Amino acid sequence: MKRGFTLVELIVYMGLVGIIVVIAGQAFSDSTRFRVRTENMLQGTAEADNLSQMIAEDLSQMGAKFVLSDGSDKLETDIYYDDDNSDHSSFSLNASKDQISFKKLVYDNKGVAEYSQLITWRLEGTNLYRSCRSIEKKSSSLSSFPADCPHEDEGETFEVLISDKVSQFQLTPGRRIQDADFRMDASTYFPANGHFAAGRSFALASRTGSGFLRVETLASGSNVELSQFPSNTGSEKLATQLYLLEGNPTGGDLDWKKCARFNFQPYKTYAIAFQMIAFATKANPNFMRDFLPGTDHISIGLRKPDGNVIPYVSDFMVYPSESNDDYNRYVEFSVPQQTDDVCLAFTVALFSPLVWKGTMTVSNFAVTLRDEAEYSFAAFNLDDKEEKKKVKAFKLNLALKYGKEVSRIEKMIPTPDNGTEM
């Protein structure tokens, strides 16, 4: 005979089912909250990373000063923040460090500057904005300014809301630690086993071809003597370009297309150091007195193996010293994207009478990778114009809040072109 549930059994059964349902519901609720939190964390981390890359790409190009045009470089002054008042930095940072404005040049794919612009990043509540305003055209081939960066004569500054979930945006300026200019360790790119040591051989080979003049070079250990510079006192107005070669080529095999090749990673800071000594000759006893910065030109920069420029890295002007007590030369740079298989080259164009008859020696050439430990982010007095010029990096602290989750990123952004101290 079949028998049904008793009331007590039914009550017990319903109680057990209730407990199971509660436990299952709690587990489902916890799983859902965990999934939402995980999604928020992943989304926040991805957006914070993308945003920090965007900021780094902007800031790292701050203050590029040189326009490659017609075979020579020209120093631009409208990338100084306030040239009229001798503020030769390229930025302005507010007291709370959550708003920065800076000037930079924009180049075409051939490395010729098209126009200069003023960029501003600012935080308002949880909203992070980026704005752009064009300043001045640099290229006659540019018919108009881009729509997303209008000139002040064309309307209001173009501003975009980048993110509305920013809980922290702060930029701390930093300076290069002077006693760490070069590290003698494995971070040295060229030569591979250290710098400024005896016997580190290299050579400088003249670029040949239309538009370039040859200069005589003599490789000797870690010294390269340059002489018989071509004169630009005539009508040709041509430059000499000298490519860095590794080792000490034998048999006079100074082929510029065999230049030393380098690979540079984005947003890291690299440094080039060498010694440059100008010697007087009987024909020209006052070599340096005749060298006129702004007229005579010596620079160093990146080039592709075929001689083309790298459009997003400007050349650096390097002047010979007036005294052999001050012959060290040092420049820093960074690239906004992976840059492989590139060379280093000097560009020389001498116009002043007699200066081209002098002799120069380049020695102890080295390239190294700097690291964050070589920067100090101690307090700056940004009201001091000379202090502002010394800012060569910013530490970015960025936080985005998705739901209850906060994603944080700290990034060091080198700005080697800020200021005039190179």
**All positions within the range 129-164 that are in contact with a Leu (Cβ under 9 Å, 6 or more places away or on another chain) and part of a strand (DSSP E or B)** = TYR129, ARG130, SER131, CYS132, ARG133, SER134, ILE135, LEU161, ILE162, SER163
**Prompt:** Out of all the residues in the range 378-388, which are at pLDDT 85 or above and out of contact with any helix residue (DSSP H, G or I) (no Cβ under 6 Å at 6 or more places or on another chain)?
**Reply:** ASP383, ASP384, LYS385, GLU386, GLU387, LYS388
**Request:** Return yes when GLU386 is of a type outside the set (A, V, I, L, M, F, W, C), in a helix (DSSP H, G or I) and over 30 Å from VAL215 (Cβ atoms) and no when it is not.
**Result:** yes
**Asked** Would you call GLU374 surrounded by fewer than 15 Cβ atoms within 10 Å (Cβ to Cβ) and at negative phi?
**Response** no
**Complete:** When every residue in the range 99-128 that is part of a loop (DSSP other than H, G, I, E, B) and not hydroxyl-bearing (Ser, Thr, Tyr) is compared, the one nearest to SER314 (Cα to Cα) is GLY111
**Request:** Quick one: in the range 238-275, of everything that is within 15 Å of PRO191 (Cβ to Cβ) and small (Gly, Ala, Ser), which residue is modelled with the highest pLDDT?
**Result:** ALA260
**Message:** Looking only at the range 339-383, how many residues end up being over 29 Å from ALA239 (Cβ atoms), of a type in the set (S, T, N, Q) and either under 16 Å from the mean Cα position of the chain (by Cα) or not in a strand (DSSP E or B) (or both)?
**Reply:** 1
**Complete:** Scanning the range 126-168 residue by residue, those aromatic (Phe, Trp, Tyr) and within 30 Å of GLU405 (Cβ to Cβ) turn out to be TYR129
**Complete:** A careful count of residues in the range 397-409 that are surrounded by fewer than 21 Cβ atoms within 10 Å (Cβ to Cβ) and either in contact with an Asp or Glu (Cβ under 7 Å, 6 or more places away or on another chain) or part of a strand (DSSP E or B) (or both) gives 8
**Request:** Go through the range 379-396 and count every residue that is open to solvent by 40 Å² or more (accessible area, probe 1.4 Å) and either touching a strand residue (DSSP E or B) at 6+ places or on another chain (Cβ under 7 Å) or touching a residue at least 24 places away in the same chain (Cβ under 8 Å) (or both).
**Result:** 4
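The values are calculated or read from the model by the stated rules, or taken from the named source; none is laboratory data. Owing to the predicted nature of the structure, the values given are computational and were not obtained by experimental measurement. With ideal geometry, Cβ positions are generated from the backbone for all residues, glycine too; neighbour counts draw on all protein chains shown. Quick note on the areas: whole protein, heavy atoms, side chains included, nothing else; ligands and nucleic acids left out. Shrake-Rupley method; radii C 1.70, N 1.55, O 1.52, S 1.80 Å.
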